[in-house]
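Engineer: Let me give you the structure first, and then I'll get to my questions.
The values are calculated or read from the model by the stated rules, or taken from the named source; none is laboratory data. Only a predicted model underlies this, so the values are computations on that prediction, with no experimental measurement involved. Ideal geometry is used to build each Cβ from the backbone, glycine not excepted, and the neighbour counts take in all protein chains shown. Remember, those area values only see protein heavy atoms, side chains included, never the ligands or the DNA or RNA. Shrake-Rupley method; radii C 1.70, N 1.55, O 1.52, S 1.80 Å.
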Amino acid sequence: MASTSTRAPVGLSSVTRDGIGASPRRPDGTLKVTGEFAYSSDMWMEDMLWGATLRSPHPHAEILGIDVSGALRLPGVYAVLTHEDVPGEKRYGLEYRDQPVLAFGKVRYKGEPVAIVAADHPETARRALERIKVDYRVLEPVSDARRAALDPDCPLVHEEGSLPLHEEHNQRGNRVRYQPIRTGAFADGASVEEVRALADVVVTGEYEVGMQDQAFLGPESGLAVPAEDGGVDLYIATQWLHVDQRQIAPCLGLPADKVRLTLAGVGGAFGAREDLSMQIHACMLALHTGKPVKFVYNREESFFGHVHRHPATMRYEHGAKRDGTLVYATMEIVLDGGAYASATPAVVGVASSLGIGPYEVPHVSVDAYGVYTTNPPCGAMRGFGAVQACFGYESQMDRLAAELGMDPVDLRIKNAVSQGSRIITGQEIDMPMPMAEMLRRAREMPLPPDRSSLPAPSDPRTLPGGVANTSHGEGIVRGIGYGVGLKNLCFSEGFDDYSTARVRLEVVGGEPAVTVHTAAAEVGQGLVTVKGQIARTELGVERVTILPSDTRVGSAGSSSASRQSYMTGGAVKTACEAVRERVFALVRERGLVEDGHPDALLSLSGGKVVSAAEGVLISLADLLGGEAIEETREYHHRPTQMLDPSRGQGSSHTQFGMCVHRAVVDVDVELGLVKVVALDAVQDVGKVMHPQQLAGQIQGASAQGLGLALMEEIQVHDGVIRNPSFTDYLIPTILDTPPMRIDVLEHPDPHAPYGLRGAGEPPTLSSTPAIVAAVRNATGRPLTHAPVRPEDIVGIDPPQG
Amino acid sequence: MNEETHEIRLRVNGVPRAATVPARRLLSDCLRHDLGLTGTHVGCEHGVCGACTVLLDGRPVRSCLMFAVGADGHEVTTVEGLAAADGTPHPVQRAFRECHGLQCGFCTPGFLTVVAAFLEENPEPTEEQAREAIGGNLCRCTGYVNIVRAVLRAAELRRAAGRDPQAGDPAPRGPVRRQRP
């Protein structure tokens with residue numbers, strides 16, 4: 001991870017500091033360590049009201065009537081609103097407009113918002129909720145996603161004709177999207193039996209991935225303030241201000257310019273803030289009461305207030321030649337989207353197109369289903385669609401290696417994709433993809449020392465179970481496993497998820513200063529730092545101010561799909577280039593260079609205009625004087641295509657990223673406890689923009705994958721979440737998290753700004769299968785469910801119910 | 001709501017403060033809502049995540065698990081009170097910033113208060129001790145690697161600043177009892 005070092009131009013003592021490749025401190029770091037950083041939950045206005053949400057107690061029920069009179073009579077209550085009070089469109093949605101602002105007709109998941117209250121105190125608001133009477137006729141829940149996908153007799157979650165149909169997604173019945181992919185002989189209509197005959201060795205497997213929660217630390221919250229023009233200002237923690245605005249305004253019956261959003265401090269996101277939570281509710285109450293309204297969910301409500309990672313069931317079959325060459329693969333995946341579509345169509349698009357992973361396979365058949373059920377809605381979470389598939393295909397690769405008697409890394413190298421390969425959609429990987437090299441590097445990383453060589457090998461703190469003191473070394477077996485994940489980066493399938501940046505260069509107090517304004521959501525990843533680095537590099541000015549993100553500037557797209565360094569980074573770079581051209585034009589205008597002097601010989605550095613031939617020409621302060629140069633630019637990635645609905649062909653992805661993990665675990669085979677001893681990663685990021693922040697992304701993503709491998713699952717039974725708290729839904733603490741070594745490669749992607757690749761998601765894919773593989777290696781158990789449960793390791797049936 | 005309330009007096013970040021609260025008002029809500037100190041964050045309301053940790057007479061407590069009336073007559077230090085009176089950041093604040101020990105930052109105040117108290121007890125921790133010290137705090141962003149680094153770096157900065165009481169520094173024991181003007 002060498003930092004970019006450029007030679008100082010002639011006549012300058014140093015280059016501009018803290019540009020790309022360096023590790024400057026994050027601009028919000030000081031406020032975050034002093035406690036002054038204003039998160040959405042910290043917003044406060046003296047006359048504000050507190051909002052609260054009445055949620056459905058049933059996963060599936062008809063609403064017969066709602067009586068709010070008791071709540072309205074409670075002193076301190078200012079408003080109680082139901083679906084009848086929604087001023088505009090009654091439904092919203094990221095991709096399909098299928099989700100009621102407040103339930104009408106029926107409720108489709110436990111926790112669905114039915115009514116909202118504004119009161120002078122949060123406790124008054126909560127008491128008011130208890131006084132709202134809703135009559136329900138309970139309906140049978142639709143809990144089985146496989147049945148929803150495949151059984152035509154399964155009851156419908158959304159009544160026939162109630163939704164606009166999306167034919168491009170084969171939407172029908174409970175299917176939100178069905179995406180088949182057929183290549184090779186399968187595309188010509190061959191049956192599995194026919195293709196199977198081509199292989200020497202066949203392995204099949206069924207795998208499950210549980211419902212994971214993003215578990216950001218700062219629960220949903222926001223403050224809506226009514227404005228004098230009849231509009232509303234919303235201060236909100238979200239991932240994409242403009243997609244919120246696009247969904248909120250029609251429901252309020254307002255034009256977009258009357259719904260103005262400002263990003264409040266975001267306490268983590270990981271996909272959970274891509275959908276709306278209380279945004280429309282807060283605005284409705286603010287407009288209704290004429291007072292500011294604040295909502296803050298607590299942790300339990302947060303589990304009902306955002307979408308989760310789609311649980312998946314997968315059936316795989318792989319066939320190979322005796323030497324390990326893959327011949328064919330089939331995959332069926334059912335993704336439980338829950339009550340509303342959210343990002344399910346995109347999740348199906350990713351899970352299908354990347355369904356067999358980064359391997360060359362001539363004959364492939366994939367059937368991917370995303371379905372409606374009356375389970376909690378599922379949508380975006382880091383690595384969506386690809387995380388589930390990766391657990392399946394990597395488990396299959398290990399199973400195949402065992403069947404062939406081959407080393408699992410050698411089997412992967414033998415079938416690895418590389419630049420020029422085509423994935424199963426026919427799309428060429430037209431950027432470096434050094435998978436074989438990455439696998440070799442992962443294998444060659446030093447292993448942690450054997451237990452026997454530790455200073456205190458029987459110290460329970462170093463063992464599975466930790467201070468619970470469950471073992472002093474007896475029954476402990478070590479295992480090693482590998483995982484590789486292929487991830488699409490930026491939005492896919494025809495989305496033009498452009499980003500916009502406004503950059504201003506002016507002289508402030510005798511010094512050149514740059515202001516960068518975008519609507520991009522800083523959710524912790526460090527985009528604020530990267531935007532500043534790009535501006536410094538492009539404009540040679542160290543003093544850069546990043547303005548708060550709001551809707552006064554054009555859309556930046558979502559802080560998801562690992563896309564912001566690429567897209568908003570690209571927008572900032574392009575806007576800076578436009579500013580720079582105007583600086584150079586000014587230089588020519590002032591006669592500082594001859595007319596024909598090419599721009600290529602000019603640069604900005606250290607606050608000066610520099611000519612490659614003549615050194616420093618003039619300082620920016622002198623050149624600009626009182627003039628400010630401001631440019632706004634949109635950045636678009638190259639166009640992508642929808643997968644065709646019958647064979648799933650098309651160049652649907654913008655960019656590919658990859659991470660390889662090697663996990664080392666110690667397993668207490670008697671108690672089913674696991675300690676991850678090492679979790680090392682090799683990732684190609686194209687270009688390291690900020691080494692320190694990159695490490696934070698890779699390690700954070702790896703830890704979330706560790707959670708999915710061993711700890712994290714929302715327990716849903718008959719549509720009811722059984723563990724909506726941090727006492728029952730466990731995420732890794734430091735004692736669960738091993739040291740994580742990182743090996744970063746920089747093979748530039750010629751299509752991307754600076755050659756960079758989105759880096760936040762790929763490690764979330766590969767760490768889960770690597771850890772589970774390591775536990776299999778230690779125990780010999782099949783372990784087909786992520787997360788692995790103690791009973792799976794010990795080999796007893798899980799408790800029923 | 002006609003509910004019996006109690007007058008409480010406490011020192012918060014060195015400043016005498018008073019509040020009128022019902023007996024069941026949580027210390028976290030009292031700090032955030034009654035006293036306007038929103039640096040103390042509430043992540044789980046169950047005492048699990050540690051984001052709401054403050055120092056009570058120098059010892060870390062989960063302010064979401066404690067009633068405000070229980071803090072009557074005591075000294076509370078929140079993240080806002082970690083810096084010195086002249087604004088000089090506490091070594092843990094410097095170290096977390098320097099080592100990129102935070103991303104979204106929501107969990108950070110809890111880590112900072114815990115680590116500040118820990119370094120008072122153990123000014124020269126090993127890496128293993130540093131890991132154990134923060135075993136009760138959840139972070140969802142970082143994977144903890146940079147946080148461990150920050151704890152060790154904070155110890156280093158602290159020693160360099162000569163604040164280590166064992167090195168003869170006259171600073172009072174107990175993490176942060178600096179007076180605020």
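Engineer: Let me check I've understood the local charge: for A:V77, count other residues with C-beta under 13 angstrom from its C-beta, Lys and Arg +1, Asp and Glu -1. What total comes out?
Structural biologist: Details: positive: A:R73, A:R126, A:R127, A:R131, A:K291; negative: A:D120, A:E123, A:E130.
Net local charge, A:V77 excluded: +2.
Engineer: Which whole number gives the average, over all residues in B:93-103, of C-beta atoms from other chains lying within 10 Å of the residue C-beta? Let's see the in-between values first.
Structural biologist: On the way: counts 6, 3, 1, 3, 8, 5, 3, 13, 3, 9, 12.
For this peptide, the per-residue mean of nearby foreign Cβ atoms is 6.
Engineer: Right, something else. How would you classify chain A from its alpha-carbon gyration tensor, with a ≥ b ≥ c the square roots of the eigenvalues: rounded for a/c under 1.5, else prolate if a/b is greater than b/c, otherwise oblate?
Structural biologist: On the way: a/c = 1.57, a/b = 1.08, b/c = 1.45.
The shape class here is oblate.
Engineer: Is the shape of the range B:91-167 rounded, prolate or oblate, going by the alpha carbon gyration tensor and its root eigenvalues a ≥ b ≥ c, with a/c under 1.5 for rounded and a/b larger than b/c for prolate?
Structural biologist: It comes out prolate by the Cα gyration axes.
Engineer: Taking the mean number of other Cβ atoms within 10 Å as a proxy for protection, how do you rank A:137-146, A:703-712 from highest to lowest?
Structural biologist: Final packing ranking: A:703-712, A:137-146.
Engineer: Give me the inter-chain shielding for A:689-701: mean count of other chain Cβ atoms within 10 Å, whole number please.
Structural biologist: Mean number of neighbouring Cβ atoms from other chains: 4.
Engineer: May I pose another question? Roughly how many Å² is the accessible area per residue of the protein assembly as shown, as a whole number, for a 1.4 Å probe?
Structural biologist: That works out to 35 Å² for each residue.
Engineer: While we're looking at this one, here's another question. If you place +1 on the Cβ of every Lys and Arg and -1 on the Cβ of every Asp and Glu, how big does the dipole about the Cα centre of the protein assembly as shown come out, in debye to the nearest 20?
Structural biologist: The dipole magnitude comes to about 1400 debye.
Engineer: Something else: Report, to the nearest whole %, how much of the accessible area of the range A:287-417 belongs to carbon and sulfur atoms, 1.4 Å probe, protein only.
Structural biologist: Carbon plus sulfur share of accessible area: 46 percent.
Engineer: Give me a comma-separated list of calculated 3J(HN,Hα) values for the range A:143-159, in order, Karplus coefficients 6.51, -1.76, 1.60 applied at θ = phi - 60°, integers in Hz, x for any Gly or Pro.
Structural biologist: 9, 9, 5, 5, 5, 4, 6, 10, 9, x, 8, 5, x, 8, 7, 10, 4
Engineer: Determine how many Å³ per residue the convex hull of the Cα atoms of chain B encloses.
Structural biologist: Here the figure is 109 Å³ per residue.
Engineer: Please state the relative contact order of chain A as a whole percent: Cα pairs under 8 Å, 6+ residues apart?
Structural biologist: In percent, rounded to a whole number, it is 16.
Engineer: When a/c reaches 1.5 or more, the comparison of a/b and b/c decides; with that in mind, is the range B:5-81 rounded, prolate or oblate per its Cα gyration tensor?
Structural biologist: Here the range B:5-81 falls in the oblate category.
Engineer: Got a number for the accessible area of A:R582? Probe 1.4 Å, square angstrom, nearest 10.
Structural biologist: Surface open to solvent at A:R582 totals about 90 Å².
Engineer: Let me ask something additional. Search the structure for amide H atoms under 5 Å from the amide H of A:T425, placed 1.01 Å from N in the peptide plane, and list their residues when 5 or more places away or on another chain.
Structural biologist: none
Engineer: Please list the non-local residues whose amide H lies under 5 Å from the amide H of A:T545, H modeled 1.01 Å from N, same-chain partners needing a gap of 5 or more.
Structural biologist: A:V514, A:T515, A:V516
Engineer: If we sort A:572-578, A:188-194, A:542-548 on the protection proxy, mean other Cβ atoms within 10 Å, highest first, what's the order?
Structural biologist: A:572-578, A:542-548, A:188-194
Engineer: Mind ranking A:F37, A:F495, A:F303 by accessible surface for me, highest first, 1.4 Å probe?
Structural biologist: Putting A:F37, A:F495, A:F303 in descending order of accessible area: A:F495, A:F37, A:F303.
Engineer: What is the mean number of Cβ atoms from other protein chains located within 10 Å of the Cβ atom of each residue in peptide A:726-737, rounded to a whole number? Numbers along the way, then the final one.
Structural biologist: Numbers: counts 8, 4, 2, 2, 2, 5, 5, 11, 17, 6, 2, 8.
Averaged over the peptide's residues, the number is 6.
Engineer: Please work out the Cα center distance from the range B:111-158 to the range A:331-373, rounded to the nearest Å.
Structural biologist: One Cα centre to the other: 42 Å.
Engineer: Using a 1.4 Å probe and counting only protein heavy atoms, how much accessible surface gets buried when A and B come together, both sides summed, in Å² to the nearest 100? Don't jump to the answer; show the numbers that get you there.
Structural biologist: Numbers: alone 29500 and 9230 Å², together 34370 Å².
Answer for the A-B pair: about 4400 Å² buried.
Engineer: Roughly how much of B:C141 is accessible, in Å² to the nearest 10, using a 1.4 Å probe?
Structural biologist: Rounded to the nearest 10, that gives 10 Å².
Engineer: Output ³J(HN,Hα) for the range A:733-744: one whole-Hz value per residue in order, computed from phi by the Karplus curve 6.51 cos²θ - 1.76 cosθ + 1.60 with θ = phi - 60°, and x for Gly and Pro.
Structural biologist: Calculated HN-Hα couplings, in order: 9, 5, 6, 8, 10, x, x, 10, 7, 10, 10, 9 Hz.
Engineer: Place the peptides A:676-682, A:161-167 in order of packing, highest mean first, counting for every residue the other Cβ atoms within 10 Å and averaging per peptide.
Structural biologist: Those peptides, ordered most packed to least, come out A:676-682, A:161-167.
Engineer: Moving on to the next point. Can you give the accessible area of A:W50 in Å² (nearest 10), computed on protein heavy atoms with a 1.4 Å probe?
Structural biologist: Here the accessible area works out near 20 Å².
Engineer: Equivalent ellipsoid semi-axes for the range A:678-801, as square roots of 5 times the alpha carbon gyration tensor eigenvalues: give them largest first, rounded to whole Å.
Structural biologist: Value: 33, 17, 13 Å, ordered largest first.
Engineer: Express as a percent, rounded to the nearest 5, the fraction of DSSP beta bridges in the protein assembly as shown (both residues included) that run antiparallel.
Structural biologist: Counting only bridges with both partners in the protein assembly as shown, antiparallel ones make up about 80 percent.
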